[in-house]
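Where a number appears in this text, it was derived from the coordinates with a stated rule and is not lab data. It should be emphasised that the depicted structure is a prediction, and the values quoted were computed from it without experimental measurement.
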Amino acid sequence: MPHSNLDDLVAFLGVVRERSFTRAAAKLGVSQSALSHTIRRLETKLGIRLLMRTTRSVSPTEAGERLLERLGPHFEQIGTELDNLTELRDKPAGTIRITTGEHAAHAVLWPALAKFLPHYPDIKVEVIVEYGLTDIVAQRYDAGVRLGEQVAKDMIAVRIGPDMRMSVVGAPSYFAQRSPPKKPQDLTTHNCINLRLPTRGGLYAWELEKGRRQLHVRVDGQLVFNNIALRLNAALEGLGIAFLPEDAVQPYLAQGRLKRVLEDWCPAFPGYHLYYPGRRQSSPAFGLLVEALRYRAAAS
């Protein structure tokens with residue numbers, strides 16, 4: 001239906017409900033003469049009179065009454081839905097979809113969400129754990145979580161975690177049978193627990209760095225996994241050396257269940273960032289979640 005026809009119907013409904021051209025014109029924000037012209041145009045298009053006009057009142061004809069009964073509820077429903085959309089804009093509500101890696105989900109997202117969501121029962125958050133570098137625009141995510149160095153330059157990035165370090169670890173039972181590696185090249189003679197990344201088409205090369213020296217060491221071993229939990233369990237069982245986030249292994253280092261090696265080859269690097277397109281229209285719900293996730297370093 002042409003837009004002008006919709007405008008004509010809105011004008012008709014306004015006059016019938018107000019029973020006055022003057023009051024309806026004021027409510028619609030048009031002049032009384034313009035409103036009268038609109039109603040005459042609608043009646044001409046339909047070929048039938050819709051309103052009975054007297055000097056004191058306006059009332060619908062039989063045809064006008066029928067049009068009101070048929071169309072009135074639909075326009076009221078449309079108005080209600082538009083009001084609901086405005087309410088979504090003005091209050092924290094709606095669904096937010098985030099793609100993230102396993103470690104970020106456990107170490108950063110979950111602690112923040114556990115505190116945030118009870119205060120906003122109308123906000124829903126969908127977290128999808130993936131190892132691939134997902135195109136959040138193509139996959140219709142609201143945001144993604146990556147390490148700071150992996151965020152594309154055309155994205156808005158908000159730091160949500162502290163700097164990170166990786167750890168090369170093995171169980172004491174493993175090192176009881178093999179000498180701990182002294183340098184990265186020694187890893188090639190050890191039974192290492194590998195990680196497979198779908199987007200890289202193969203096994204992850206351990207990224208080690210000391211000063212200006214940066215090495216990507218390809219290791220070998222009996223086990224390959226695509227998550228942290230299984231690699232950690234395998235290391236705890238003494239089945240090999242694993243390359244894992246420092247915070248994931250810290251409790252086991254403190255308990256003496258794991259031993260760290262090559263620590264001087266594992267410097268700190270930029271931690272996790274929430275990223276999203278700069279053109280994204282920020283809703284109150286999304287804005288609140290960003291602030292809840294935003295990393296604030298503890299005061300020294």
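Quick notes
- Kirkwood-based Rg to Rh ratio, segment 162-211, C-alpha trace: 1.00
- Relative to one another, the C-alpha centroids of segment 50-73 and segment 232-300 are positioned 68 Å apart.
- The value for segment 229-300 of Rg(Cα) / (2.2 N^0.38 Å) is 1.63.
- Choice from Val127, Val15, Val158 with maximal GNM fluctuation in the chain (Cα, 10 Å cutoff): Val15
- Taking Leu236, Leu215, Leu133 in turn, the Gaussian network model of the chain (Cα-Cα springs below 10 Å) assigns the largest fluctuation to Leu215.
- Considering only Cα atoms, the convex hull volume of the chain works out to 209 Å³ per residue.
- Listed residue pairs exceeding 20 Å between alpha carbons, taken from Lys153/Lys210; Lys124/Lys153; Lys183/Lys210; Lys183/Lys259; Lys182/Lys210: Lys153/Lys210; Lys124/Lys153
- Of the residues Phe286, Phe21, Phe269, the one that moves most in a GNM of the chain with alpha-carbon contacts below 10 Å is Phe21.
- Binned Cα-Cα distances of segment 98-205, short to long, each 10 Å bin given as a whole percent: 10, 33, 29, 18, 8, 1
- Counting only whole DSSP H helices of the chain, the ones at least 15 Å long by C-alpha along their axis and with mean Kyte-Doolittle hydropathy no lower than 0.0 are 3-18.
- Close amide H pairs (under 5 Å, H built 1.01 Å from N) link Ile156 with Tyr276, Gly278, residues at least 5 positions away or on another chain.
- Where only DSSP H runs of four or more residues are counted, the chain gives -11000 deg cm²/dmol as its mean residue ellipticity at 222 nm, each run worth -39500 (n - 2.57).
- In the chain, the DSSP beta bridges split such that about 70 percent are antiparallel, to the nearest 5.
- Table column - 3J(HN,Hα) (Hz), segment 102-117, Karplus curve with 6.51, -1.76, 1.60, x for Gly and Pro: 4, 5, 4, 4, 7, 7, 10, 5, 4, x, 6, 5, 4, 8, 7, 4
- Angstrom value of the Kirkwood radius, inverse mean 1/r, which spans all Cα pairs in segment 166-265: 13.5 Å
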